[in-house]
Structure formats: C-alpha cells, structure tokens
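What follows is calculated from the coordinates using simple rules that are stated; it is not laboratory data. Being a predicted model, the structure only gives us computed values, none of them experimental. Backbone-built Cβ (ideal geometry, glycine too); neighbour counts: all protein chains shown.
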Amino acid sequence: MDAAFFDRPAATVAAELIGHVLLVEGVGGVIVETEAYDRTDPASHSFAGPTKRNASMFGPPGRAYVYRSYGLHWCLNLVCAPGSAVLLRALAPTRGLDTMRARRGLDDPRRLCAGPGRLAQALAIDCSHDGVPTDRAPFAWGAPEGPVSVVATTRIGITKGAETPWRFLLAGSPFVSRPLPRRSLLPPAPSS
C-alpha cells in the first residue's frame, strides 16, 4: 500500500484497512480493528498542533507513527492526511504465531494481538519504527481474501471525543480487543 492509499481522511482509511494483511518482518495477520484520529478531534495527539512526540503525524502519509501509551506500551498508527492517523487496535494472527507467542508469553491466539499494546508487542514494534515508511521492509501488505464486512462504532479507551464513531471492526471477528456492544448504534460500514 503506497502513500496515495493513506493520503485521505483517516476514517476512510481506517474502514478500508479492515481485512488487509499486515506483516512486520514476516510476522502479523489480518487487520480486524482500527480507530481513526484527525486534527479536529479532541482525542487526537495532533489536536494541539505539532510536537516532538507527534511529529510523524504531520509527516508524509503512509508512515508509521509510534508512541508509548501510559509509559508502558508501544502503539502503531498509520499516518494519513497531515495531522491524522489510524491506530491499529487488533489483528487476527496468521503468520509467525510461534514468534508472537514468544514475544507475548502466552498461547491463546485470540489475545496475541487484541489491543494496540499487545499488537505492537507481538509485532516487535517500538520507537525505532516511528516515521518509517510502511510501503517497504520491514512492513509488507496483503489484500483482503474475499468479502469484508465492516462495522463502525464509537472508540474506546478515551475520554474526549469518545462518541465519534471512528472505531472499525471486522464483523464477527473473535480477535478484536473488545467485542461490539450488544446493540450497535451504527449500521455496518460499506464493504471494501
């Protein structure tokens, strides 16, 4: 996936990433959950403007924006239009499961990449990936294998802008970080 794919509104990119395969050094799987953030969004790191921490969000589209959450976990975002990015929240692990199990210290494939910190740990993402182009090694992409049904809902783990429906999930996936509420507020997003 080249920079042109990412040079669009983050919510559009976030929905369209569902079902794609992401590998980092040959380890990864199918993207099953994303969240979008842009400069007008009070929950976004870019809301107050450029800083040293969020500089990659204002760089070229198609690059990684990596930050540490709560001083504990790395989080992988994909830069879209300037000041916007897509947080990768969960993957269905398909490649390099033994490597991911060793990195995470657990066996349950449903928990290997369910949540942004877990995903980053399973893929060995750290600050050295910040600003790196995602259209070349160590990153590799694959297209969805068949039809993809995407569900949109509100984001989680934030206090500002929490009502914004920019969390996207692969319908029915057991690999998401947190299941969809029993009654989804929104209809399914258009399939890719």
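Here are a few things to note about the model shown:
- Taking the C-alpha atoms of the chain, convex hull volume expressed per residue in Å³: 109
- Taking amide H atoms as placed 1.01 Å from N in the peptide plane, the amide H of Arg63 lies under 5 Å from those of Val79, Thr134, each 5 or more residues away in sequence or on another chain.
- Per-residue Cβ neighbour rank within 10 angstrom, fewest leading, Met100, Met1: Met1, Met100
- From phi via Karplus (6.51, -1.76, 1.60), per-residue ³J(HN,Hα) for region 82-96 in Hz, x at Gly/Pro: x, x, 10, 7, 10, 7, 7, 9, 7, 10, 8, x, 10, 10, x
- Couplings for region 99-105, taken from phi via the Karplus curve 6.51 cos²θ - 1.76 cosθ + 1.60 with θ = phi - 60°, read 5, 5, 4, 5, 5, 8, x Hz in order; Gly and Pro are left as x.
- Normalised by the number of residues in the chain, the mean separation of alpha-carbon contacts (under 8 Å, six or more apart) gives a relative contact order of 28 percent.
- Scanning residues 5 or more positions from Val27 or on other chains, none has an amide H under 5 Å from its amide H, with H placed 1.01 Å from N in the peptide plane.
- Residues in region 126-140 carry Karplus couplings, in order, of 8, 4, 5, 8, 4, x, 6, x, 9, 9, 8, 3, x, 8, 8 Hz; the curve used is 6.51 cos²θ - 1.76 cosθ + 1.60 with θ = phi - 60°, and Gly or Pro positions show x.
- Between the C-alpha center of region 1-75 and that of region 130-185 there is a gap of 11 Å.
- Highest-fluctuation residue, Ala114, Ala48, Ala122 considered, GNM on the chain with Cα pairs under 10 Å: Ala48
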